[in-house]
Amino acid sequence: MSASQSAVRSRAEAVQVSRTFDWMILFTLFVTVLGGYHIHYMLTGGDWDFWTDWKDRRLWVTVAPIVSITFPAAVQACLWWRYKLPVGATVSVVALMLGEWINRYMNFWGWTYFPVNFVFPSNLIPGAIVLDVVLMLGNSMTLTAVVGGLAYGLLFYPGNWPVIAPLHVPVEYNGMMMTLADLQGYHYVRTGTPEYIRMVEKGTLRTFGKDVAPVSAFFSGFVSIIIYFLWHFFGRWFAKTDFIADDAS
Amino acid sequence: MKIIKDKVAKLSFVALLITMTAAMFYAPTASAHGEKSQAAFMRMRTIHWFDLNWSKEEVPVNDTMTISGKFLVFAGWPETVDKPEVSFLNIGIPGPVFIRAGSWIGGQLVPRSVSLELGEVYEFKVLLKARRPGDWHVHSMMNVQGGGPIIGPGKWVTITGSMSEFVNPVTTLTGQTIDLETYGLDNVYFWHAVWFAIAIAWLMFWFKRPIFVPRHIAVSTGKADTLISAGDKKVGMLFAVGTMVIVAASMGATNEKYPVTTPLQAGLLRGMKTYQMPEATVSVKVDDATYRVPGRAMQMTLTITNNGDSAVRLGEFNTAGVRFLDPAVHEDETAYPDDLLAEEGLTVSDNSPLAPGETRTVEVTASDAAWEVYRLADLIYDPDSRFAGLLFFWDESGNRQLVTVDAPLIPSFI
Ligand SMILES: [Cu+2]
């Protein structure tokens with residue numbers, strides 16, 4: 001550090017400035033990730049996350065982890081390899097879920113009046129915490145991708161089941177059997193989301209009969225591994241400092 | 001320090017704005033007034049709604065009303081629109097101001113998509129339960145996969161009362177009666193709060209110590225290993241194991257509490273019951289048709305043959321939900337929406353009863369401001385400028401017959 005233009009006069013003040021810096025950077029990171037991740041997730045996971053009558057045992061379980069492991073992988077790459085901070089996945093997921101809650105509460109409920117018990121977001125936190133811990137303990141991208149990615153896929157359905165299960169209780173409605181979630185979709189009219197665009201319980205896993213959710217979760221975990229690698233590299237590339245002067249050394 | 005604090009404050013404000021913008025990015029609003037902007041040929045040549053009836057014009061919260069009627073799936077369905085093989089009987093309202101308590105086609109409940117046949121008439125009914133007070137434009141509506149929403153006629157309905165009084169009781173197959181409006185909400189909030197708390201605890205474990213500058217210096221000077229202590233690893237293990245234990249335990253407890261759950265139900269309903277209109281004994285040939293832009297009137301020359309055994313008169317021309325009536329033959333008694341009803345909009349050059357076996361060529365004019373208001377006249381700018389609609393004839397004993405017309409249309413600008 002050059003003596004001529006130092007911004008601080010004492011060590012105590014330097015520590016204080018550094019701390020202020022921490023919160024500024026964290027806040028900016030949080031908000032940037034919130035915006036980018038939220039839009040990404042809405043465009044890719046979209047309806048599967050918006051409505052309970054899309055949260056099935058096949059496609060939601062498969063799609064949500066695959067499209068949501070993206071930003072956690074990238075932010076991990078930056079925070080771990082540059083700062084040895086094992087919080088990238090958790091920061092991302094907390095930001096995303098906060099953004100989703102604001103959106104669901106303010107827009108879906110506050111503006112359009114869909115009941116919150118029909119439009120709450122999916123829970124991604126258990127997978128994110130495990131992803132962060134695996135990276136911290138293993139200090140390896142490959143290990144995090146394989147073990148963490150698989151765990152991320154596998155933890156998704158059980159992590160959401162306590163919230164979803166009550167809505168999968170069956171009802172008889174005018175001579176037809178459906179779940180309460182189906183009934184929510186039928187009752188709370190969505191003019192722009194006709195029933196046929198609902199992609200649920202479709203796929204080639206019929207042969208597995210009743211136990212389709214674990215199979216979907218495993219499949220999702222395997223694809224999550226690949227997506228993790230991909231986005232981890234994006235994150236590394238994005239966190240490069242080649243284009244600015246390296247003034248930390 | 002003050003400058004930095006100011007900057008943080010300023011930055012926070014900007015960030016807050018970005019957050020808001022990002023959050024506002026998506027709202028599933030559904031304007032019920034897309035009807036006029038939909039291409040005229042879509043409304044004229046796909047689904048023809050008729051005999052519509054809105055059972056009430058004012059409904060208190062928690063009370064129900066019905067929209068019922070019939071629709072004809074037009075035989076001359078446009079090539080550019082996918083056939084209604086996968087269709088969903090919807091309702092055009094701005095969000096869930098009503099809940100759809102039931103919907104039926106030909107007496108069959110249709111919570112799922114259905115397959116419709118061209119040229120057939122179906123009877124439908126939608127039962128609505130009032131939820132949110134206000135004046136709402138309530139449309140019949142059919143969504144067609146690959147064709148988009150086909151919006152039928154709309155009528156203003158007023159909901160009175162207060163939304164806080166709305167209840168939606170449902171009895172499950174396991175015997176409990178719940179209020180679907182708020183069911184399971186506490187459970188949603190509880191689990192999300194638990195997981196947010198765990199996540200924030202993990203984050204604060206790291207953020208309570210200096211973060212970026214010193215850690216970056218340590219990493220770039222090769223001292224990265226010193227940044228994660230054995231204690232940190234233990235705490236990490238605790239979080240990971242704790243997470244898995246909570247997930248497994250809460251899943252087990254949930255399965256115990258809800259032993260009976262079923263997968264979401266989906267699938268296409270086929271073979272919907274059609275409605276048999278009385279056999280038409282009148283045949284109509286369209287000799288020519290013009291739309292006179294200045295007069296907002298459509299003129300057609302029809303050659304009508306009566307093959308039946310009772311004299312008939314033309315009483316109504318219905319296209320895209322707009323009804324042109326000859327009051328001498330038929331008057332509306334269903335309180336059909338004013339803007340879609342031209343009570344004296346139909347003039348026939350000679351509308352004396354057409355005797356059995358007789359053939360007559362007549363000039364028929366359908367004129368009303370609705371041509372412009374509902375932008376039906378826009379069909380003269382369509383690539384395939386055709387019009388289509390329903391003609392209703394009445395015989396001496398008041399029986400009605402339906403004949404469809406589908407012919408080219410020539411605009412006239414003078
Ligand atoms: Cu409208």
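The values are calculated or read from the model by the stated rules, or taken from the named source; none is laboratory data. If you're wondering where the values come from, they're calculated on a predicted model, not measured in any experiment. Please note: Cβ atoms are built from the backbone with ideal geometry, for glycine as well, and neighbour counts cover all protein chains shown.
Listed values, structure above:
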{"read-out": "Within region A:110-175, helices (runs of 4 or more DSSP H) holding 1 or more residues that are among the small types (Gly, Ala, Ser) and surrounded by fewer than 22 Cβ atoms within 10 Å (Cβ to Cβ)", "value": "A:125-138"}
{"read-out": "Any hit, region B:218-227, residues being in contact with a Leu (Cβ under 9 Å, 6 or more places away or on another chain), modelled with pLDDT of 95 or more and either on the phi < 0 side of the Ramachandran plot or of a type in the set (Asp, Glu) (or both)", "value": "no"}
{"read-out": "Residue list for region B:103-132, restricted to those being at the interface with chain A (Cβ under 7 Å from one of its Cβ atoms) and at pLDDT 95 or above", "value": "B:132"}
{"read-out": "All positions within region B:375-386 that are outside any helix (DSSP H, G or I) and touching a strand residue (DSSP E or B) at 6+ places or on another chain (Cβ under 6 Å)", "value": "B:386"}
{"read-out": "Test: residue in region B:342-349 that is touching a Gly at 6+ places or on another chain (Cβ under 9 Å) and charged (D, E, K, R)", "value": "no"}
{"read-out": "Strands (runs of 3 or more DSSP E) within region B:15-97 that include 1 or more residues away from the ligand (no atom under 16 Å from the Cβ), in contact with a helix residue (DSSP H, G or I) (Cβ under 7 Å, 6 or more places away or on another chain) and modelled with pLDDT of 90 or more", "value": "B:87-92"}
{"read-out": "Scan of region B:169-195 for residues that are within 7 Å of chain A (Cβ to nearest Cβ) and not β-branched (Val, Ile, Thr), ordered by number", "value": "B:173, B:180, B:181, B:183, B:184, B:185, B:187, B:191, B:192, B:195"}
{"read-out": "Which listed residue is surrounded by fewer than 20 Cβ atoms within 10 Å (Cβ to Cβ), closer than 30 Å to residue B:58 by Cβ and in contact (Cβ under 8 Å) with a residue 12 or more places away in the chain, from B:162, B:140", "value": "B:162"}
